[in-house]
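Working notes for the structure below.
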Amino acid sequence: MGNSAIAIVGGDLRQICMANLLAEKTGIGSGASCDLYGLFLDKEMEMSSRITATDDVRVLEYCNIVIFALPMADTGDQTVNAPFSIHKVPLRDCFGHVRPGALVLGGMVKEKTAQLASEYGLVIEDYFLREELAVLNAVPTAEGALEIAMRESPRTIAGSICMITGYGRIAKALAPLLLSLGAKVKVGARKHEDLAWSKVAGCQPVHLSQLGEQLSDVEILFNTVPAMILDKGILKKLPPQCLIIDLASKPGGVDFETAKTLGLNVVWALSLPGKVAPITAGEILLDTIYHILEEKGFIIESD
């Protein structure tokens, strides 16, 4: 082993691209003073020759930086989120081998996971909470949502009437894309300041209390609110041909059972950055992690 080491544990294409970028842009990897390990990324993924692919959690004993996936754990259990692995690995197995004093990073860290880590004396830094990550991720998410709309809608975006519920980072990236293609865009929001900004951007502002009154002509609805905003009462007011694209994280913002009963086409588009632009998503992850490392006093030398 080298003087220090970094482990990337699990994840999707974002983590693989991030690992490759980390290996190629820095003096890390095979033959360098800092080793780089990729754990549970073993389903024929193309990785840099500088990365040591392994399923042996004992290598974590040598790593002073451990980077888990986004999200960190599989839904409903405490196993490593590793869709490209043939193994189902309990987080306990990893935590038990992390060396004392190591910096442990993870994305979308649930309270249950944080509590489990604390049993092993570990504190997890959640990089998903970083504002720069959320802002930059809004761009590939918006582009991915646009791609879904183009694929799933029988109409062109130009001339379509679109509704975006919520006016956070994703909506602010999505609205100008739709407008630039000639769509008419309504924005449903609760805060008057958000409604004002959406109006300045060229959208038609709609207060959420009047949402149901503005849906009869909507052809594509993009939801960005991670709460049950599109309930049975709202869904019944949509035209039957309306396409719904839910961009909200779990549990989502759509009554999916009711939507199915009504025959509405609903696409729940989770983790779009990793699906539509994994290289860009990997770059965003790496930049965010670099910021954390710098703030913590870790230095990684570039080639």
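Overview of values
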| read-out | value |
| --- | --- |
| Residue among P278, P251, P90 with the largest mean-square fluctuation in a Gaussian network model of the chain, springs linking Cα atoms under 10 Å | P251 |
| Near-label residues of the stretch 144-168 by backbone N, under 20 Å of a point 7 Å along Cα→Cβ of Q241 | 148-164 |
| Positive-end residue of P71, N137, V218, charge dipole of the chain with Cβ unit charges | V218 |
| Theoretical FRET efficiency, 1/(1+(r/R0)^6), r = Cβ-Cβ of S209 and K110, R0 41 Å, to 0.05 | 0.80 |
| Percent antiparallel among DSSP beta bridges (both partners in the stretch 1-144, rounded to 5) | 10 percent |
| Square roots of 5 times each gyration tensor eigenvalue, C-alpha, the chain, largest first, Å | 41, 19, 17 |
| Distance in nm between pseudo-label sites at K191 and I86 (7 Å out along the Cβ direction from Cα) | 4.9 nm |
| Rough spin-label spacing in nm, given labels placed 7 Å along Cα→Cβ, for A201 and E257 | 3.3 nm |
| Residue order, fewest to most surrounding Cβ atoms within 10 angstrom, among M108, M163 | M108, M163 |
| Reach of K232 by Cα under 22 Å, taken over lysines that are not fewer than 8 positions away in the same chain | K186, K250, K260 |
| Percent antiparallel among DSSP beta bridges (both partners in the chain, rounded to 5) | 5 percent |
| Taking the chain and dividing mean pair separation by its residue count, relative contact order in percent (alpha carbons under 8 Å, at least six apart) | 16 percent |
| Relative contact order (percent, whole number), the stretch 138-270, Cα cutoff 8 Å, 6+ residue spacing | 21 percent |
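The numbers here are math on the coordinates, done by the rules we state, and not lab data. Not measured: the values here are computed from a predicted model. As a convention, Cβ positions derive from the backbone with ideal geometry for all residues, glycine included, and neighbour counts pool all protein chains shown.
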